[in-house]
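In what follows, a structure is listed as structure tokens, so that the remarks can point back to it.
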Amino acid sequence: MTYTAPSAQTTAAGVSLLAPLSGRLVPIEKVPDPVFAEKMVGDGISIDPVSQSLLSPCDGEVVQLHPSCHAVTIKTAEGIEVLMHIGLDTVMLRGEGFDPKVKVGDRVRAGDPLIDFDADYVALHAKSLLTQIVISNSDQVAKFTPYSGNVTVGRDVILDLSLAGSDAVVTADSGVTVTSAPIIVPNPTGLHARPAAVLVNLAKKYKSNIRLKRGDKEVSARSVVGLMGLEVNHGDTVQLIADGSDADAAIAELSEALRSGLGEEGAKPLASPASVASLTAAAPPPRPRSDDPNLILGVAASPGVAVGYTYRLQHQDIRVTETAANPNQERRKLERAIEQAQAEIEALRAKVHGQADAGKAAIFAAHLELLEDPELTDTTTNLIDKGKSAAFAWKQAYTTQAEQLSQLKNELLAARANDLRDVGGRVLRILTGTSVEGVSYPDNCILLAEDLTPSDTATMERGKVLGFCTVGGGATSHVSILARAMDIPAIAGAEARITDLPDGTPVILDGSKGKLRLHPTLEEMERVRQKQARLKTRRQTELASAHLPAQTRDGHRIEVVANIANAEEAEKAVSLGGEGVGLLRSEFVFMERDSAPSEDEQTEIYSTIARILDGRPLIIRTLDVGGDKPLPYLPLPHEENPFLGVRGVRIGFDRPDILRTQLRAILRTSTHGNVKIMFPMIATLEDWRMAKTMLEEERQALGVAPIAAGIMVEVPSTAVSAEQFAKEVDFFSVGTNDLTQYTLAMDRGHPKLAPYVDGLNPAVLSLIGMAARAANANGKFCGICGGIGSDPQAIPILVGLGVTELSVSVPTIPSVKAQIREFSLNDCQRLAERALTLQSGAEVRDLMPMED
Ligand code: PEP
Ligand code: MG
């Protein structure tokens, strides 16, 4: 269809907008995004562009330019706000591909350039290039007349607007002013057009005048432009304020909507900040309860079993004087106390560094940061300025904030309350000159407490405290993390009645199951002690032979290597007898960052690990994210079935820039280490050949020697076609975690299916057998890097199936090696043959019963 453009004009009664881009006009209702199609942002029109420089459709002022530069608003002299949004979901590109030509406050004429964009890049990385031109204050327009067909930029008119008679100003009817609790914005890219529009639409339902406040800036919650101009980012704290007769209802609905991300994908609600007194607490998750008076249930916080006698640890309640005469003096006291606390925490950090591992010492680094938290220090100094003593002010500040944190639904944040109490208590003791009471722990004690702080845990007398059980905390609390690092069995989140138990009550604490058995018989206690002694002796024997090779009684050699995520684990693996790394999950190198690591950064990280391994093999798996494991800087479309979508190597094909950068880093590392490469989620021979071609291209460009290249066997098709793959690849490593989920069609993380997602299911074993047979027949090796590689009930069966490399979790290296030495290859083969004839994972497990 050919379009004949009417001439562009602005009259007293209306405004005509010129095409900001060349392309085909699309009715706004047809845009595949409900926010635009349902006119939540406003009425208007869309263009499927063929040009890549967005020009102004009218004269006016630039009143908003999104920080990601994908959206801009021009306000005309008539007060019409024309919002142009290039593409769909383009906020995710965070500015990549956009080059703004204006800034907020600039005056522009129709036809002036606003934003240049790289249409290829945007088309490739965003959902669509469709560009929306909408009037964000549509209530000021009486009639919209959109045009259709193809248009030429700066020449044709796309939309005629007849103006409403008067400004549609929202006036609040009489009523109260209601202010919401502070809300942390969970949207990954803040309040950009889409969530802002949803908020505006909700606000329009109410008569009240509703505003959104960030810092000291307030805007109308009915203005998309205003909201975007507020530049609210992910994690920012905002508040809603409403004046009017329905203010209460408005605040209730809008707060909830804001808190839950305004319907945006990936916006997980964040808890409100601790500093807010009006914070509304959500009910904590229900705790496990037992009907047996002699059994207390809790959360498994740190594995292991301990037998002993209870000892209750109580924290001192430090009393403080409320007022003080000289605020300046009190401020100085506070400063000094904080300095001393810093020194003490530094010392603890060093101690934990020596006792546990370096990573866990970071918990105390976080404590140091808490000491400098401005919310805490500002609240305290404000109180001091009002005549309170430093001790009173500090106590008030940290206890209030800790209390509020502890009420949060987000378990991870709630757990930080205990850290705050720990740090707060330390400063308070210093301020009040209270000495830390030296706790003298009785022998063989199982510590019971309302809660323990990381400091309590780090300073515990290890020879006397055999385990502990707390009412507070959870598996993710820092105390639990420390307990695991220090190898102390522990239960957290236990029933509160533990604090009523008299000291000296005999108990058996099972930290692996989260169970505290009260009043066991002496025989039961003895049985557990004997088992512990046996386990200890066994562990010592295993450790003593950890550095010997793992071979069966008849001399069949199995390579035992490690699954690692970083250099620290590589060191640990080597110290425990690991013969190399069978799986470096390189995604950890890409996580918790704002952008992908550069080639040099990756080379440095991989080279450090290669150096630690000192010639031992290092198998680097290329980036295995996507679907359910997104990276913040990698915009991936929402997927209905993420496990069946663009994940693993498919991401590399979709984003060859990322994969090729990684390939180069791995190849560069290979020049000074025993490096092999492995591709995840290979499902077809085409996948493998494509990956291999990319590797070869990069290798030739770098001019380095070829390296061994293998694949993960984790998709059933690959196992079934193993014979064909084995002719081309250098090795297989079976990812039994995924292979099991895809074979049984059971989500590996599904809580209800967990007992059935068993890699020892005969169907999975049969696929492993196919892979191992094909590899061996073609002179290649087949390893296992999924979880069952460390499972004692699986190990002999895997060896019997023909697997010759086990890549296992680091702590299990010595026991896996020891277990291999207990069998002959013949025993293993018989077990494997038998396993393949059985009917369920449970039956297979019965072949290798575990000691109770
Ligand atoms: C597996 O799937 O078994 C595997 C080792 O990979 P990941 O667990 O990282 O998906
Ligand atoms: Mg996997």
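Of the residues K752, K727, which single one is farther than 14 Å from A794 by Cβ and either at pLDDT 95 or above or within 16 Å of ligand 1 (Cβ to nearest atom) (or both)?
Answer to the check: K727.
Looking across segment 459-494, the residues that are closer than 23 Å to R416 by Cβ, part of a loop (DSSP other than H, G, I, E, B) and not aliphatic (A, V, I, L, M) come down to G472, G473, G474, T476, S477, G493.
Among the residues making up segment 651-676, those that are among the charged types (D, E, K, R) and at pLDDT below 95 are D654, R655, D657. Just one of the numbered conditions (1) surrounded by fewer than 24 Cβ atoms within 10 Å (Cβ to Cβ); (2) closer than 21 Å to V844 by Cα is not true of C785: (1). Would you confirm whether any residue within segment 499-514 is surrounded by 13 or more Cβ atoms within 10 Å (Cβ to Cβ), within 37 Å of the chain's Cα centre (by Cα) and part of a helix (DSSP H, G or I)? The answer is yes, given that some residue of segment 499-514 is surrounded by 13 or more Cβ atoms within 10 Å (Cβ to Cβ), within 37 Å of the chain's Cα centre (by Cα) and part of a helix (DSSP H, G or I).
Exactly one residue out of S717, S721 is over 29 Å from the mean Cα position of the chain (by Cα) and away from ligand 2 (no atom under 16 Å from the Cβ): that is S721. T684 fulfils the conditions (1) closer than 30 Å to V844 by Cβ; (2) of a type in the set (S, T, Y); (3) surrounded by 15 or more Cβ atoms within 10 Å (Cβ to Cβ) except for a single criterion, (3). Within segment 768-780, at least one residue is within 16 Å of ligand 2 (Cβ to nearest atom) and surrounded by 15 or more Cβ atoms within 10 Å (Cβ to Cβ).
Just to be sure before I move on: is G800 in contact with a Cys (Cβ under 7 Å, 6 or more places away or on another chain) and either aromatic (F, W, Y) or away from ligand 2 (no atom under 16 Å from the Cβ) (or both) in the structure I sent?
Yes.
Checking the condition within 16 Å of ligand 1 (Cβ to nearest atom), at negative phi, of a type outside the set (D, E, K, R) and surrounded by 15 or more Cβ atoms within 10 Å (Cβ to Cβ), which residue from A565, A570, A596, A550 passes?
None of the others qualify; the one that does is A565.
Here is a check on your reading of the model: is K217 out of contact with any Asp or Glu (no Cβ under 6 Å at 6 or more places or on another chain), at pLDDT 75 or above and among the charged types (D, E, K, R)? Answer is yes for this residue.
The residues in segment 145-179 that are outside any strand (DSSP E or B), surrounded by fewer than 16 Cβ atoms within 10 Å (Cβ to Cβ) and modelled with pLDDT of 85 or more can be counted, and the count is 2. Checked against (1) within 16 Å of ligand 2 (Cβ to nearest atom); (2) surrounded by fewer than 19 Cβ atoms within 10 Å (Cβ to Cβ); (3) without any contact (Cβ under 8 Å) to a residue 40 or more places away in the chain; (4) among the hydrophobic types (A, V, I, L, M, F, W, C), M591 meets all criteria but (3).
Remark: pairs (first residue in segment 53-75, over 11 Å from H85 (Cα atoms); second residue hydroxyl-bearing (S, T, Y); Cβ separation under 6 Å; 6+ apart in sequence or on different chains) = C58/T76; G60/T76; V63/T73; Q64/T73; I74/S56.
In segment 65-144, which strands (runs of 3 or more DSSP E) lie fully inside it and hold 2 or more residues that are not β-branched (V, I, T)? It would help to see each step written out before you state the result.
Numbers: elements: 71-75, 81-85, 98-100, 113-117, 131-135.
Hits in segment 65-144: 71-75, 81-85, 98-100, 113-117.
Residue-by-condition table, conditions (1) among the small types (G, A, S); (2) over 22 Å from R647 (Cβ atoms):
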| residue | (1), (2) |
| --- | --- |
| Q662 | no, no |
| G673 | yes, yes |
| E697 | no, yes |
| G703 | yes, yes |
| I711 | no, no |
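Regarding D554, is this residue among the acidic types (D, E), over 29 Å from A306 (Cα atoms) and in contact (Cβ under 8 Å) with a residue 60 or more places away in the chain? In short, yes. With respect to the conditions (1) on the phi < 0 side of the Ramachandran plot; (2) within 16 Å of ligand 2 (Cβ to nearest atom), A745 falls short on a single one, namely (1). Tell me which residues, restricted to segment 650-684, are among the polar types (S, T, N, Q) and either within 16 Å of ligand 1 (Cβ to nearest atom) or in a helix (DSSP H, G or I) (or both). The answer is T661, Q662, T669, S670.
The values are calculated or read from the model by the stated rules, or taken from the named source; none is laboratory data. For clarity, every value in this text was computed on a predicted model and none was experimentally measured. Positions of Cβ are generated from backbone atoms using ideal geometry, with glycine treated the same way; all protein chains shown enter the neighbour counts.
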